[in-house]
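Have a look at the structure below, then the notes.
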Amino acid sequence: MAFVIDHLAKPRIAAGRSDPEWERALAPFAPYTNVHCKLSGMVTEADWARWTPQDLAPYVERVLEWFGPERCIYGSDWPVCLMAGGYDKVLNALNVAIAGLDRVSKDSVLGGNAYRVYRLSR
């Protein structure tokens, strides 16, 4: 059975560049290969009026370290994300955060993993 942790388990992004309590709570799930993490819901945990892609990147990078790109799934959190930014701004922020990944890994995060984990047909 596959499990998907939604919204990176809600780190307190507005509080700064790290959230040790969030790290202690989420990290123990990383070794379980049937647990995935959705890269979503970040902008509503950031400062709604002033967040930048660089505010989100450390959290995405940490989750990628723990779960790997093969167990991370992009989610826009639309329409809730509209409170803090439009879909295009959210997607751009994720693209900034995953810029260092190779093309296969990016494709997996941006859609391939969702098809696989949720057993969607193309």
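Since every read-out is calculated from the coordinates, none of them should be taken as a lab result. Computed from a predicted structure; not experimentally measured. Cβ placement follows ideal geometry from the backbone for every residue including glycine, while neighbour counts extend to all protein chains displayed.
Convert each backbone phi in the stretch 74-87 into a coupling constant with the Karplus relation 6.51 cos²θ - 1.76 cosθ + 1.60 (shift: θ = phi - 60°), then list the ³J(HN,Hα) values in order as whole Hz, x for Gly and Pro.
6, x, 7, 6, 6, x, 4, 4, 4, 5, 10, x, x, 4
Using alpha-carbon positions, what is the distance between the centroids of the stretch 51-70 and the stretch 26-50, in Å?
8
How do 42, 83 line up, fewest other C-beta atoms within 10 Å first? If you can, show how the numbers build up before the last one.
Values: 42 28, 83 10.
Neighbour counts put them in this order, fewest first: 83, 42.
Could you work out the equivalent-ellipsoid semi-axes for the stretch 1-61, taking the square root of 5 times each eigenvalue of the Cα gyration tensor, largest first, in whole Å? Each step should come with its number before you reach the end.
Working: eigenvalues 99, 29, 15 Å².
Value: 22, 12, 9 Å, ordered largest first.
Quick one: which residues, 5 or more positions from residue 5 or on another chain, have an amide H under 5 Å from its amide H? H modelled 1.01 Å from N in the peptide plane, none for Pro or chain starts.
Counting only residues 5 or more places away or on other chains, the set is 36, 37, 38.
Give me the dipole magnitude in Debye, nearest 20, for the chain about the Cα centre, with unit charges on the beta carbon: positive for Lys and Arg, negative for Asp and Glu.
Numbers: 14 positive and 14 negative charges, 61 e Å.
It comes to approximately 300 debye.
How large are Rg and Dmax for the chain when only the alpha carbon atoms are used, in Å?
When restricted to the Cα atoms of the chain, Rg and Dmax are 13.5, 39 Å.
Pick out which of 97, 30, 15 has the largest mean-square fluctuation in a Gaussian network model of the chain, springs linking Cα atoms closer than 10 Å.
15
For the stretch 9-20, what does the Karplus curve 6.51 cos²θ - 1.76 cosθ + 1.60, with θ = phi - 60°, yield as ³J(HN,Hα) per residue in whole Hz, taken in order and with x for Gly and Pro?
Values per residue, Gly and Pro as x: 6, 6, x, 8, 5, 5, 7, x, 7, 8, 9, x Hz.
Please give the contour-minus-distance gain from residue 120 to residue 12: 0.36 nm per residue of separation, less the Cα-Cα distance, rounded to one decimal in nm.
Details: separation 108, 0.36 × 108 = 38.88 nm, distance 3.14 nm.
Stretched out fully, the residue 120 to residue 12 stretch lengthens by 35.7 nm.
Read phi for every residue in the stretch 59-69 and hand back ³J(HN,Hα) as whole Hz from Karplus 6.51 cos²θ - 1.76 cosθ + 1.60, θ = phi - 60°, with x for Gly and Pro.
Working through the residues one at a time gives 6, 4, 4, 5, 5, 5, 4, 6, 9, x, x Hz.
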